[in-house]
Amino acid sequence: MNFSEVFKLSSLLCRFSPNGKYLASCVQYRLVVREVSTLQILQLYTCLDQVQHIEWSADSLFILCAMYKRGVVQVWSLEQPEWHCKIDEGSAGLVASCWSPDGRHILNTTEFHLRITVWSLCTKSVSYIKYPKACQQGISFTRDGRYLALAERRDCRDYVSVFVCNDWQLLRHFNTDTQDLVGIEWAPNGCVLAVWDSCLEYKVLLYSLDGRLLSSYCAYEWSLGIKSVAWSPSSQFLAVGSYDGKVRLLNHVTWKVITEFAHPAALSDPKIVVYKEAKKSPQPGLDHLAFPPSLPVANHLSAAESKYEIASMPVSLQTLKPVADRANPRMGVGMLAFSPDSCFLATRNDNIPNAVWVWDIRKLRLFVVLEQLSPVRAFRWDPQQPRLAICTGGSKVYLWSPAGCLSVQVPGEGDFPVLSLCWHLSGDSLALLSKDHFCLCFLETKEGVSPALGQRDGHA
Amino acid sequence: MGDWMTVTDPGLPAESKTVSQYTSEKKMSPSSLYSQQVLCSSIPLSKNVHSFFSAFCTEENIEQSISYLDQELTTFGFPSLYEEPKSKEKKRELNIVAVLNCMNELLVLQRKNLLAQENVETQNLKLGSDMDHLQNCYAKLKEQLETSRREMIGLQERDRQLQCKNKNLHQLLKNEKDEVQKLQNIIASRATQYNHDMKRKEREYNKLKERLHQLVMNKKDKKIAMDVLNYVGRADGKRGSWRTGKTEARNEDEMYKILLNDYEYRQKQILMENADLKKVLQQMKKEMISLLSPQKKKPRERAEDSTGNVISDIEEDAGELSRESVWDLSCETVREQLTNSIRKQWRILKSHVEKLDNQVSKVHVEGFNNEDVISRQDHEQETEKLELEIQHCKEMIKTQQQLLQQQLTTACDDDTTSLLQDCYLLEEKERLKEEWSLFKEQKKNFERERRSFTEAAIRLGLERKAFEEERASWLKQQFLTMTTFDQQSSESVKLFSAFSGSSDPDNLTVPSRPRQKKPHSMSNGSPVCTSKLTQSLPASPCTSDFCQTARSCTSEHSSINVLNITPEETKPNQVGRECTNQKWSMASRPGSREGCYSGYSLTYTSSHVEKDDLP
């Protein structure tokens, strides 16, 4: 495992291009595009203000930089550096901006969700979509880029509009049976739309592309409901994480629950492997004795090396008592992600913040639990294989694969608190983002010394 | 009285006397006796008894006392103390004998009385103790009664309290339920209220939004604009099309197409899954049948076995179901038949397994009785068991192979797989090398073969020439005699067939040849193969393949052998080389070594014989 040098970064804006060749990152008002293979700077663009959001177009030819404060979006072309485009939303303001899947239209959401403006880079045409709903996940494109589903609110009722992205024609418009819709998401096959209600009511609705209601599901009433939703890449399963600390898997044939994954703090099944991160005590006498003897500094937890130990059953995980009198209590399953081959599901129960649970979907049971020393910030699956990268805000990155797991210290002087990470398309490298720096972590390729993964610090 | 008793105690007769005296005195002259008694009582206790006796009878009143006694005694039924007067005038005289008799009787009486008294006293004591005991018992019981009564009261009290509590709890529960209901109602009402308010606010908000929108839009905000250098082409290179009814219809069409495709895809998947499951079912069925068929003879032998007829049914079913057409039918039509047959087979299998279990247990019991002699039945059972086991093992190996292959095909970056792959590559390389050498050897052999073939062809040409000549002569003869020709031609055919059949004996020796093994070949040949076998299971398909190739090679060798009839080729060392080629296909079967030697020597000698014969 190799690490690149550390580059500057602001507001965690670092994205690989969809074709995997380039890496865009922002430092204040500058946009830097590098080549992934060499990390040489390819282009350098200067924006009008501090960039708050960047996004690559699907064909990796354009980059959109949104400056919400100014209500301005700037688009840069990689092929023609002199080409420029500036979209000003004026007094209407701007809160969100994204590409359409064809990479030639930009969807800008104005302040107060007054409308969505669709700007075209091909023609002068501008389209408006009125009544978009202000919610968590109100826009969803199908994976093939053909359709856009948009959550709307009219006359105090929720609607979903399905547009054809080709010409922005309305294809379907239907009322959803929700109190307060908060999210919509297409199944990866683009034929089923999952719609879920706000946390006040547990409700998932499944609509066909033609607007038919396929099924609706409600696990319980009264208490807080859905917290997170994820489709499996095979479109076979819909995982629904809720405030009761359970994940429910719905199948795509009957849309009924196949299984419930509870997240208990006490584990006793000997089939489950629990990896516990442990501080590695420095071994005196060995040759990797640090030259400047490590001082017990304040953040020495993140600085100290760590390793994984296999905990013996029964194990009890550290739990957090949720504060009952606050909104958005820290409980329930807040993070959910399927592995690219749909064989594993990684989850985090927010009142056991240090643990990542990996479930085996083929056997429908808990497979592995990783208990970290500090709360898990983010985890992402390798796009090519079942390999999970985890960061906890410390200067380490953790990798898990069915073969084992390991913790890797990010090298370099000073602390490098990894707040977020993103995988390269090929799964060969990983961008580690901290508050104002980022670096790339290169994993060995299959031909190389890949067995090192899982053996270095993995199985004890 | 007590005093009296104690005083009179020493002399018992005296006491009785006093008693009698006392009573008689009372009767006779109470007044006089009273005075006496007073006197007696008045006298101090220390005075002796005599003084008291003297009080009753003194010198003066002897007569009186005698008469008194007499009277008394007669009243008690004693004979009179006086003699019978002979005359009326004559004074009665005291009869001493009578007095003495009386006294004796009195004494006897006294003794009796004493005894009786004693008895009575002991009885009294007994009764007294009984009485005490009973009293104690009574007291105890009373106490018990009291305690139990108290307990009962306590329990009753508790019962009452519990009932009270229960009632309270019921009440509480009811209250709670009411409360829950109330709260739910409250929540519901609040929710509706909230929703209502929300709606109201949302409407307001919407109005505001609308207003804002109008304001923002109407202001002709010059800022709202896109400043672009030049417009870029569409990603697909096409031009944007006008929105018409046509495009709408096309969009619909496309949407339905997508949906249809999805459904078709899903149906296909389901069909595939179904087919797979059917295949598994079929395989299972076949295996079951094959497993059960060796058993079917035995149950029939045992007359009382009921499974026999069922098995025949199964055979029919198997015959039917093994036809592919049945499997391609939709499930509905075959379902019943299928499930029935499967169920039947399952039952048989179960009964069979149970039987086997029983037999095993029986064998265990019997095993101790006749250890030396293994009955035929036991032997058969054992073989059955072993067969089953072998089947199991085979299945296991198969599944393991599949799993490993799967793992290989999934090609994950697991360290182990890459390592294994390396291993496989090495192994494969080795194998290929060996194969290569084998092929070289074969090539040589083929060349030899070819040569022999050409030689044979030449020989054949010669023979043909001879035959032609013969034929000419025969034709000549035919001219002479027409009948002889037919006979000769049939004979020639026979000759040919005999020639072609001559190679058969050689071929027959071939099957035993692959098992040949030279003792010295062990050193270089066997380790490779055994290591292959032990190292990893996935290698086994390769080895099996290899065996096959080896076998094919050997068969080719056999053909070579046939052709080695030609004299110059059959050198002993060449045969030996052949054997070295073959050696490692046998390494996997070390058990059959001895038989192979004989086979080897046999072929060897035969080749020698051929060599001798043919020149």
- Stretchable slack from B:Ala139 to B:His379, in nm (0.36 nm times residue separation minus alpha-carbon distance): 77.9 nm
- Task: Would you please put A:137-146, A:57-66, A:367-376 in order of how densely packed they are, using the mean number of other Cβ atoms within 10 angstrom per residue and starting with the highest?
- Result: A:57-66, A:367-376, A:137-146
- Item | Extreme residue, positive dipole direction of segment B:95-219, given options B:Leu183, B:His133, B:Asn166 (C-beta unit charges) | B:Leu183
- Averaged across the residues of A:115-123, what count of C-beta atoms belonging to other chains lies within 10 Å of each residue's C-beta? 4
- The long-range amide H neighbours of A:Leu267, using H built 1.01 Å from N in the peptide plane and a cut-off of under 5 Å, are A:Val315, A:Ser316, A:Leu317
- Please report the relative contact order for segment A:327-412, taking Cα pairs under 8 Å with a sequence separation of at least 6, and give it as a percent rounded to a whole number. 19 percent
- Task: With all distinct Cα pairs included, what does the Kirkwood hydrodynamic radius of segment B:164-227 come out to in Å, to one decimal, could you say?
- Result: 16.3 Å
- Note on the structure: At q = 0.14 Å⁻¹, the log10 of I(q)/I(0) for segment B:125-218 from a Debye sum over equal Cα scatterers comes to -0.82
- Item | Extent along principal axes [Cα atoms of segment A:131-224; Å; largest to smallest] | 42, 28, 21
- Query: For chain A, with the dipole built from +1 on Lys and Arg beta-carbon atoms and -1 on Asp and Glu ones, taken about the Cα centre, which of A:Leu366, A:His84, A:Val118 lies farthest toward the positive end?
  - Reply: A:Leu366
- Message: For peptide A:86-93, what's the mean number of Cβ atoms from other chains within 10 Å of each residue's Cβ?
- Response: 6
- Quick calc: nm separation of the 7 Å Cα→Cβ label points for B:Leu349 and B:Arg250 -> 5.8 nm
- Message: For the pair B:Ser129/B:His196, report the inter-label distance in nm, with labels modelled 7 Å from Cα in the Cβ direction.
- Response: 9.8 nm
- Dividing the convex hull volume of the Cα atoms of segment A:43-196 by its residue count, what figure in Å³ per residue is obtained? 114 Å³
- Message: Treating only the Cβ of Lys, Arg, Asp and Glu as charged (+1, +1, -1, -1), what charge dipole size does segment B:95-219 show about its Cα centre? Round to the nearest 20 debye.
- Response: 2060 debye
- Query: How would you order A:3-14, B:123-134 from highest to lowest mean count of nearby Cβ atoms within 10 Å?
  - Reply: A:3-14, B:123-134
- Note on the structure: Packing-ranked peptide list from B:138-151, B:249-262, highest mean Cβ count within 10 angstrom first, is B:249-262, B:138-151
- For chain A, what's the relative contact order in percent, using C-alpha pairs closer than 8 Å and at least 6 residues apart? 10 percent
- So what is the calculated 222 nm ellipticity per residue for chain A, using -39500 (n - 2.57) for each DSSP H run with n of 4 or more, over all residues, to the nearest 500 deg cm²/dmol? 0 deg cm²/dmol
- Task: Quick one: which residues, 5+ away or cross-chain, put their amide H under 5 Å from the amide H of A:Lys276? H built at 1.01 Å from N.
- Result: A:Glu309, A:Ile310, A:Ala311, A:Glu371
- Query: Taking 1 over the mean of 1/r across every pair of different Cα atoms in segment A:1-124, what Kirkwood radius in Å do you get?
  - Reply: 14.8 Å
- Message: Modelling each spin label as a point 7 Å along the Cα-to-Cβ direction, I'd like the A:Ser316/B:Thr58 distance in nm, to one decimal.
- Response: 11.6 nm
- Task: For segment A:1-124, please report how many Lys pairs fall under 23 Å Cα to Cα, leaving out neighbours fewer than 8 apart on the same chain.
- Result: 4
- Note on the structure: Sorting A:Ser312, A:Leu406, A:Ser208 by the position of each Cα along the dipole of chain A (Lys, Arg +1; Asp, Glu -1; all at Cβ), the one nearest the positive end of that ordering is A:Ser208
- Taking each residue of A:167-180 in turn, how many C-beta atoms of other protein chains fall within 10 Å of its C-beta, and what is the average? 2
- Here the alpha-carbon Rg of chain A over 2.2 N^0.38 Å rounds to 1.02
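The numbers here are math on the coordinates, done by the rules we state, and not lab data. All values derive from a computational prediction rather than experimental measurement. Every residue, glycine among them, receives a Cβ derived from its backbone with ideal geometry; neighbour counts consider all protein chains shown.
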